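The values are calculated or read from the model by the stated rules, or taken from the named source; none is laboratory data. Remember, it's a predicted structure, so these values are computed and weren't measured experimentally. Counting neighbours? That spans all protein chains shown, and the Cβs are built from the backbone with ideal geometry, glycine included.
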Amino acid sequence: MIITLNRISDNKDSTIGYLQVDGHFFCFTLEDQFNKTKIRGETRIPEGTYKLSIRKEDSPLTLQHRKNYGAWFKYHIEISGVENFKWIYIHSGNDDDHTDGCLLLGDTLFNHLVTPKSPLGQSVQALKRFYDLVYPIIDKGQEVLIDIKQRY
């Protein structure tokens, strides 16, 4: 399985992109903005190829997600091995206030000029579909990588 994050637009607050799985469009993405110097919870991760893993820890966020999403959510899928970053999750959210340095997924993308605060929609639906596809593979011990590329 090849997962590619294609970044296509950014502004002072956030970065828009789309996710492909095995070369096919999967969903839209939202991340924090680029910062030359890392700012905790306000900086997207650098371009590169990273391993996806499952962070099997009952953190307050994990417990809240289980409560909100039900039985399909067990633990967070994490983007691992990023220098100077930790706990980079793939999760749901609608705007850059929800990213906290993580990668958000959504099935709809609104014009950020018209709806600058909430450009991503149907996020839980996209996240569940991603988890249904990727979580079992990682949980079986198979390697899953994400290749992050800037396309603009």
Q: Can you work out which of the residues in region 17-31 that are assigned to a strand (DSSP E or B) and of a type outside the set (A, V, I, L, M, F, W, C) is farthest from L133 (Cα to Cα)?
A: E31
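Just a yes or no: is a residue in region 36-50 touching an Asp or Glu at 6+ places or on another chain (Cβ under 7 Å) and either among the hydrophobic types (A, V, I, L, M, F, W, C) or crowded, with 16+ Cβ neighbours inside 10 Å (or both)?
Residues of region 36-50 that are touching an Asp or Glu at 6+ places or on another chain (Cβ under 7 Å), as a first pass: 41-44, 49.
With the extra rule that they be either among the hydrophobic types (A, V, I, L, M, F, W, C) or crowded, with 16+ Cβ neighbours inside 10 Å (or both), the set shrinks to 43-44.
The answer is yes; a qualifying residue exists.
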Q | Residues being touching a Pro at 6+ places or on another chain (Cβ under 7 Å) and without any contact (Cβ under 8 Å) to a residue 24 or more places away in the chain - total across region 60-97 | A | 0
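Might you check whether a residue that is part of a strand (DSSP E or B) and closer than 18 Å to K149 by Cβ occurs anywhere in region 56-77?
Within region 56-77 (the criterion being part of a strand (DSSP E or B) and closer than 18 Å to K149 by Cβ), the answer is no, since none of the residues qualifies.
For the structure I just gave you, tell me whether I16 is surrounded by 15 or more Cβ atoms within 10 Å (Cβ to Cβ) and at pLDDT 95 or above. Write out each step before concluding.
Working: surrounded by 15 or more Cβ atoms within 10 Å (Cβ to Cβ): yes; at pLDDT 95 or above: no.
Criteria not met by I16.
In region 67-94, what residues are surrounded by 18 or more Cβ atoms within 10 Å (Cβ to Cβ) and among the charged types (D, E, K, R)?
Of all residues in region 67-94, those surrounded by 18 or more Cβ atoms within 10 Å (Cβ to Cβ) come to 73, 75-79, 85, 88-94.
If the condition is that a residue be surrounded by 18 or more Cβ atoms within 10 Å (Cβ to Cβ) and among the charged types (D, E, K, R), then E78 is the only one that fits.
Would you confirm whether or not region 32-49 contains a residue that is touching a helix residue (DSSP H, G or I) at 6+ places or on another chain (Cβ under 8 Å), in contact (Cβ under 8 Å) with a residue 24 or more places away in the chain and part of a strand (DSSP E or B)?
For region 32-49, residues touching a helix residue (DSSP H, G or I) at 6+ places or on another chain (Cβ under 8 Å), in contact (Cβ under 8 Å) with a residue 24 or more places away in the chain and part of a strand (DSSP E or B): present.
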Q) Do we have any residue at all in region 130-138 that's in contact with a strand residue (DSSP E or B) (Cβ under 8 Å, 6 or more places away or on another chain) and part of a loop (DSSP other than H, G, I, E, B)? A) no
